[in-house]
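First the structure, in the form of structure tokens, and then the observations on it.
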Amino acid sequence: MLAACMLAVAVAGAPPGRGVAPNRLKLTSRAFVPFTLEPARLAFGVGAAELLVYDEAEKYAYVASEQGVINVLDYAKAIRPVVVSSLGVDLQGRVAKSLALCSEQRLLLVAVTTPGHKTANGAVVGFSTAARGASPVPPVQLFEVEVGVGPDSILPNHECSTIAVANEGEGVYVPPSRAHPLGYLIDPEGSVTLIDVATQRATLVSLSGLASTTDEHLIGKGVHLPFPLKALEYFDMHSAKKSGVVDLTEARRIYTPATQLEPESLAWSTDGTKLFVNLQANAAIVTVNARTATAESIVSLGLKDWSVGGGTDGLDTVRDKKCLLKHKPGYSTLRSASAIAAFEVDGVGYLMAASEGDGKGYGEMDEAKKFRKLIISGVEFHPNFEEFSASSPNVLRQAFANFGASSVRLSVGSSAVDYTNPTLPVFKRAIGFGSRSVSVYRTADMARVWDSGSLLEKEGCAAFPWAHNSEQDEEYSLMYSEAYKHSNQKTQSDIAEKNTRSPPALSGDACANRGDGKPGPCPMAFTVDERSYKDGPNIEALAVGSACGRLLAVTATKASSIAFVWDMTDASAPALLFTRHLSPASRLKSPPIAYAAGSIGDIGVEAITILDAESSPTGSAAVMFAGAQSGTVSLYEFLLPNGSRCLPPGKPAPPPSPLPSPPPPLPPPSSPPPPNPKIDMWWIPPPVAPARAPPPPPLPSPPQFEMNKVASPTADRGPKEKQIGKSSAVKITEGIMLATVAVGGFAGVAILVISIRKCRKVTKKAPASDSKFWSEPGSEMAAAKK
């Protein structure tokens, strides 16, 4: 997210449209980053590569871990980057929430907080950057400046004279104690801090002036408030579910509307006079005058309409293992952005936003409610919300027709519910989270000039149907792994569920084959639609920058690892150039298995950096992805349609050279992992291949399918509802081709396995009643259905 904002400054005034647009990416290198400063401490699911910035002057990348350290990657040899532990930074019990870097000033900036002190002020720490030489010099702390509560994003202006900090000010519900039997709520105000680099003087920019003294002012502007004052009164005093369970008395007494505003990410205007502050929980943008250090305006980003007339092809909210996009009459979602990036085209400033979608929660109180826990029929609310009434009979009928007894998350915030009378709240309409898209706004008036509609789901599924709204995160770790040890009780329970099969267990989501023939966490191909009822594509990372003589934008889905590359030459109509899957090995291998094999790609991408040819360690335009959960940093070069690289202007293309060697295999862990516990279902016997069936009909010749998928501007987009990809073929990096063929309404599944090493073909067929996919014993694919 930060890298995106930094590049927003760097590309100000970049001349778009003068080069040839790239049409694919080539993996140049991949580094596995430890989650501590010990090189051998490597693990999936512990946030080893949460944040990323790159120093083009010294060719060092700084990678922050959730475990309180910053590792340094040396890109002197770009095809084989190495972790230089001696240059790493230990944050002494604090964790980095954001990174920024001023290369010319040799300044590394880190926003830090202290775990367990969520409502305390944070700090910005300045370090000198590592200096290359015969004896490289590690970063040295230069200063530390106290900022507001929960600094979540940090961004210097172009000259690196002013550092902006977004203080999210998230609230927390303190658990019950003897002094407070019901617990209590602390919810600070969100704010912005501006730091003068020369003097290290910090100026707090309050948002209370914009918020006014009553919620009605912000609600009237269309700004979403997750828990307005009268909503707190409802839950505290009138809710049959929560009254007497929570204590919000003190929180209501000291409440201000600014406690509802939560700055998430930042972008500077091209001239450095304005700072754009993204409020994710509020689906709004605040503009700050950097010269006067005042918040000038707040603009709602509005709602996305998913009805037939909303300008989309619909969305997928059903876990049916299919790519079915449907319109939802009466349903809208908040355009809550996770990342923003500013850029300029033809002298006009724009802001690009990636909408992840996320609700606000206080522990005991959560704005996002599962549909089936809110509405139980077309005429009735759940008993948990028996005080609610509908603004019209059609509201509940439409909502129930759309979602039935599903787990789709709906908001109970101000956009969805009118709390004017807190004893009898009125449910106005069904509102979800996130637009499942990227959008472009004109900064002069924050008018939306473009939105990607349904393209992320539609093109992502067309290219990689096995990754459609799929997920791989820390919950897909093994029991008693490093991820398990570093997780809270809730995540440990989720990990246990992902490692347990049902049956024989009463509850479990494990697959029969985690990728090595044993039961355990499911590979990505068996989690299709897992995020459809939540946030769909789950876009969190975004970067805008110049490469190949074009202005490009790169986004990536966090849970399913699909990257989208856009041409921003026309800001009012960006063109999707191609897609790329960042972890093809995850198709048939669960994260721990792919990680141990060294074949995992980038999972949980939260940081993207675009590098022009002059900045890239390879001398060719490139992009870097940091996979937070995979603990990986990957460098990809952009390739042009003729296969050439994007070199600096005037530099002749070098003669063809052999491809670089693949990244070195993952080093073995410092100690052998513990044996699989019983929860891994060791007692389940290995599958036995069914009796040989008659030979199936010959397979049709499958189309070649690369990990880069070029978007076709003339692709058929109708009808509005359709299933994408009934028959598909995927070229897998391990050298296996899988083709699934529907015969007589899916009478069976035929699998063709091509072993590159042995050059032989094996075909087996399982009857429709069998729940397993079979392949030749000993081959790398012995996948089993969940």
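The values are calculated or read from the model by the stated rules, or taken from the named source; none is laboratory data. Because the structure is a prediction, the values reported are computed rather than measured. Don't worry about glycine lacking a Cβ; one is built from the backbone with ideal geometry, like all the others, and counts go over all protein chains shown. These accessible areas exclude ligands, DNA and RNA; they are computed on the full protein's heavy atoms, side chains included. Shrake-Rupley method; radii C 1.70, N 1.55, O 1.52, S 1.80 Å.
Structural remarks
- Here the scattering of the range 414-528 is modelled by Debye summation over its C-alpha atoms, one equal scatterer each and no solvent; at q = 0.10, 0.12, 0.13 Å⁻¹ the log10 of I(q)/I(0) is -0.57, -0.75, -0.81.
- Annotation: amide H of ALA368 within the under-5 Å range of LYS360, sequence separation 5 or more or interchain, hydrogens built in the peptide plane.
- Share of pairwise Cα separations in the range 582-623, more than 12 Å, in percent: 63 percent
- Taking 4 °C and 1.567 mPa s as conditions, the range 157-243 diffuses translationally at an estimated 80 µm²/s according to Stokes-Einstein applied to its Kirkwood radius (Cα pairs).
- Note on the range 40-105: with neighbouring protein chains present and a 1.4 Å probe, carbon and sulfur make up 43 percent of its accessible heavy-atom surface.
- Using all pairs of distinct alpha-carbon atoms, the Kirkwood hydrodynamic radius of the range 531-639 works out to 14.5 angstrom.
- Near the amide H of GLU530, within less than 5 Å, lie the amide hydrogens of GLU471, all on another chain or at least 5 residues away, with H placed in the peptide plane.
- Accessible area of the range 286-416 belonging to carbon and sulfur atoms, whole % at 1.4 Å probe: 47 percent
- Applying a DSSP loop filter and a limit of 13 other Cβ atoms within 10 Å to the GluC sites (Glu not before Pro) in the range 107-191 leaves GLU159.
- Rounded accessible area per residue of the range 501-568, 1.4 Å, Å²: 21 Å²
- Amide H to amide H distances under 5 Å link SER265 with ASN278, GLN280, where only residues 5 or more positions off or on other chains count and H is placed in the peptide plane.
- Point-charge dipole on Cβ atoms (K/R +1, D/E -1) for the range 456-588, about Cα centre, debye to 20: 260 debye
- Charge dipole (the range 29-143, unit charges on Cβ, about Cα centre) - positive-most of VAL33, LEU108, LEU52: VAL33
- Carbon/sulfur fraction of accessible area - the range 590-652, other protein chains in place, 1.4 Å, %: 55 percent
- Among the listed pairs LYS242/LYS373; LYS373/LYS534; LYS241/LYS534; LYS242/LYS370; LYS326/LYS498; LYS360/LYS458, a Cα-Cα separation exceeding 18 Å is found for LYS241/LYS534; LYS326/LYS498; LYS360/LYS458.
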